[in-house]
Amino acid sequence: MHPLNHNAIRVLESRYLLKNSDGSIVETPEQLFKRVAHHIANAEHLLNNSEQQLYWEKEFFAVMSRLEFLPNSPTLMNAGLPLNQLSACFVLPVEDSIADIFTTLKNTALIQQSGGGTGFNFSALRHNGDFINSSHGYSTGPISFMKIFDAATDNIKQGGKRRGANMGILNIDHPDIEEFIELKNVEGVLSNFNISVGITDAFMNAVEKNADWELKHPISRKSIKSIAARALWNKIISNAWLTGDPGLIFLDTINESNPTPKIGAITCTNPCGEVPLLPYEACNLGSIDVAKFYNEKKNKIDYEGLEKCIVTAIRFLDNVIEVNNYVIPEIKTMVKGNRKIGLGIMGWAELLIKLETPYASEKAVKLGEELMAFINEKSFDASQKLAEKRGVFKNWDNSIYNENVKLRNATRTSIAPTGTISIIAGTSSSIEPLFALAIHRENVLNNETLTEINEACLSYLKRKNLLTDEIVSEIKKTGSIQNTGLPNEIKDLFKTSLEIEPYWHIQHQVAFQKHTDNAVSKTINLPGGATVADIENAYLTAWKNKAKGITIYRYGSKSQQVLHSGTDETENQGSCKVCVN
């Protein structure tokens, strides 16, 4: 069992380890991983591979106990328990009738109660003030219903352990889009939602040509209003500068790689944007800590060990689909039909430090693309081999693969935020740079605060005989070494999120997206002094480079944050909008 740091233990004790009726912990971390491994390995029996069930149980336990691979939180929390809802994220349809809307609300409550996050595209709902023939009344529009969903989420704690999370999308041609863009200007409105505008290439082309843009009736598709595309675009970027919302979802780019276009177009994602999904789809996610595959003797990535972990992780995630409890029948049908999974990474920043490669460098971006290409290729191969033994996913005939290759899973890779599982693994989150060299996290464990100093930095400086009391004090106070007398090459190596130019954030996102068949959840962190022009440049760069979505956050945009620089709350220098699921 790999040693767990203090914060990992606190997180596990708060959210993951089993408790009795008195609230006392009755499970160790090792027992948690054994529980999960045993339950996920039961799929081997269900899939006529009983003779290897014990072997895979041991393999699943090994990669988790070494903290090389961890599945999404609901799997860790619920596997082998009566609830047994193991999926991280879901997309539900929102159709234009009261009955459909409130059926979706009921299903949302069931999913969030069981530990899942939910995504919705509200664009099918008629706009505010539209006449309704059946009732001779007038529609209140999608935003009014979003507020109802938000209120419901407020009163549901996911799996009894964490607050619910939603993604709300409205397409750029919806008549209520202007109101939607400004929704989160008042703090506290839709506090349980990330919101994004569904963007099309046609709209972006209209922006570039300074042309007019038609807002259309959601049902009849007749033009309701004409507006200058650039005026609408300026409203988006100025509001994103102000609050961090809305983000953008690039619908055409997403559907260019839709693996099952005959089943339907994808119009929505999960709450953090890393998994574009059809209505009633869910996704099971897991992440590999790539920093644990650094070979210190050879000063390079251990690709052989990484490949073995990938094969185990893909099998683990496919097994989850078999032993999962589906709270809604339609979800079971869709998940079993497409068998989407999402294997991603964490520990990218930690790996770069071990390789002495600054995050803000072409070398890092090139390595990221190479690393993800390897993970994507080996995930594809592993899914092919599973298909040989277990069969293709049910909708394979209606997929883009049906004439080329047999696959077990319609998608295999995804870059998730890894908010809490990276804490358990004791590594940096996802493909993000280090947020700061010393941080305190708020709203992770109810009202508790977690503080930490980056061990990779301290170890590096100690190894170089550069660690002094003064530098430690500076790190604790500001979370940075940029104002110390350390050599510039070391300052470059340990530049943190707000000290790195937005260009490099986007380059990393694009590099990983090239070899990720779902999407990439990444926060483009900007300093407080960033301009509206900086936001516009980030959004345009993301679209032109075929990102599937983009989220930005400018320091100081919100009064409540998750991450703060420095271990002293009175000395925080930065903050970040981070998914902690």
**Message:** For the list (1) part of a helix (DSSP H, G or I); (2) within 24 Å of V320 (Cβ to Cβ), I need the number of the one condition that G119 fails.
**Reply:** (1)
**Message:** Just the residues that are of a type outside the set (D, E), over 21 Å from T567 (Cβ atoms) and in a helix (DSSP H, G or I), please, taken from the stretch 464-489.
**Reply:** N488
**Selected residue (only one of S473, S480, S497 is over 17 Å from F250 (Cβ atoms), in the same structural domain as K366 (by TED's automatic domain parsing), of a type in the set (S, T, N, Q) and without any contact (Cβ under 8 Å) to a residue 60 or more places away in the chain)** = S473
**Item:** Candidates A416, A438, filtered to the one that is within 21 Å of the chain's Cα centre (by Cα) and in the same structural domain as E350 (by TED's automatic domain parsing)
**Value:** A416
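Those residues that are in contact (Cβ under 8 Å) with a residue 40 or more places away in the chain and aliphatic (A, V, I, L, M), I need them from the stretch 82-99; list them, please.
L83, L86, A88, V91, L92, V94
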**Request:** Please work out which residue is farthest from the chain's Cα centre (by Cα), limiting yourself to the stretch 35-70 and to residues that are touching a residue at least 24 places away in the same chain (Cβ under 8 Å) and not in a helix (DSSP H, G or I).
**Result:** N49
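Do we find that L110 is over 30 Å from S139 (Cβ atoms), of a type outside the set (V, I, T) and not assigned by TED's automatic domain parsing to the domain that holds V320 in this structure?
On the way: over 30 Å from S139 (Cβ atoms): no; of a type outside the set (V, I, T): yes; not assigned by TED's automatic domain parsing to the domain that holds V320: yes.
No, not satisfied.
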**Message:** Name the residue that is nearest to K292 (Cα to Cα), counting only residues in the stretch 346-376 that are in contact (Cβ under 8 Å) with a residue 24 or more places away in the chain and among the acidic types (D, E).
**Reply:** E350
**Prompt:** How about the stretch 327-369: which of its residues are within 21 Å of the chain's Cα centre (by Cα) and of a type outside the set (A, V, I, L, M)?
**Reply:** N338, R339, K340, G342, G344, G347, W348, E350, Y359, G368, E369
**Request:** Identify, from the list Q85, Q113, the residue that is polar (S, T, N, Q) and in contact with a helix residue (DSSP H, G or I) (Cβ under 6 Å, 6 or more places away or on another chain).
**Result:** Q85
**Request:** Give the number of residues within the stretch 491-513 that are out of contact with any helix residue (DSSP H, G or I) (no Cβ under 7 Å at 6 or more places or on another chain) and outside any helix (DSSP H, G or I).
**Result:** 4
**Complete:** P417 meets each of (1) in a loop (DSSP other than H, G, I, E, B); (2) modelled with pLDDT under 95 with one exception, condition (2)
**Prompt:** If you scan the stretch 151-184, which residues turn out to be farther than 20 Å from D130 by Cα, modelled with pLDDT of 95 or more and either surrounded by fewer than 21 Cβ atoms within 10 Å (Cβ to Cβ) or not hydrophobic (A, V, I, L, M, F, W, C) (or both)?
**Reply:** N166, G168, E182
**Request:** Report whether or not N395 is assigned to a helix (DSSP H, G or I), modelled with pLDDT of 95 or more and not assigned by TED's automatic domain parsing to the domain that holds N255.
**Result:** yes
**Request:** Could you please find all residues in the stretch 284-325 being without any contact (Cβ under 8 Å) to a residue 12 or more places away in the chain and in a loop (DSSP other than H, G, I, E, B)?
**Result:** K297, K298, D302
**Fill in**
Being at pLDDT 95 or above and farther than 22 Å from G116 by Cβ narrows I301, I321, I314 down to just I301
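The values are calculated or read from the model by the stated rules, or taken from the named source; none is laboratory data. This one's a predicted model, so the numbers in the text were calculated from it and none came from an experiment. Virtual Cβ from ideal backbone geometry, glycine too; neighbours counted across all protein chains shown.
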